[in-house]
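Only one structure is covered here, and it is reproduced in the block below.
The values are calculated or read from the model by the stated rules, or taken from the named source; none is laboratory data. All values derive from a computational prediction rather than experimental measurement. Methodologically, a virtual Cβ is constructed for each residue, glycine included, from the backbone with ideal geometry; neighbour enumeration extends over all protein chains shown.
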């Protein structure tokens, strides 16, 4: 999983990057809030962000507010990283839209545990988004079958969305999970194969 690490302190960037890489994460770094915003708004935004509060140009709180205004198919999980540990600061960070909060100096094992929580959240969010997509696709199929289907009065072929005619069983197979097995009804058996019917 890719993680964006945004911090203006080079020592923090180097130390935290080393930990994250050892834990097998892909790390992208930014040295200020504007760089972080550019990465988040890029074509491949990281799903998990570790964001320092105090940075030049744009601080972490402002970055969070900007991110939360935007629409993402799966919004990023944001961990706010700062030396401020007073209760009011924690409340301010969470109210701005942070998912979690880590104070400096940090405990390595606790930090790793919080990263894993974020990773599980992102994976769950992605799974949910996939399920929603699958349900939407299923509803499209259901709505197609519920609509009015033009059918030939003689051969019983159906006119499809491409304005061509095809057998009804092919149309239903292509637009649903139904599958056909063929048999002969009593009326057709009597009409086409009377020699095989027992006379009573």
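Here are some notes:
- Residues of the stretch 68-78 that are surrounded by fewer than 22 Cβ atoms within 10 Å (Cβ to Cβ), touching a residue at least 24 places away in the same chain (Cβ under 8 Å) and over 16 Å from the mean Cα position of the chain (by Cα): 68 alone.
- Filtered residues of the stretch 31-56 (kept if under 17 Å from residue 104 (Cβ atoms) and surrounded by 21 or more Cβ atoms within 10 Å (Cβ to Cβ)): 49, 50, 51, 52, 53, 55
- Test result for residue 23, in contact with a helix residue (DSSP H, G or I) (Cβ under 8 Å, 6 or more places away or on another chain), crowded, with 18+ Cβ neighbours inside 10 Å and within 26 Å of residue 113 (Cβ to Cβ): no
- Per the listing 113, 98, the residue uniquely closer than 21 Å to residue 20 by Cα and free of Cβ contacts under 8 Å to residues at least 24 places away in the same chain is 113.
- Verdict on residue 132 being assigned to a helix (DSSP H, G or I) and at pLDDT below 85: yes
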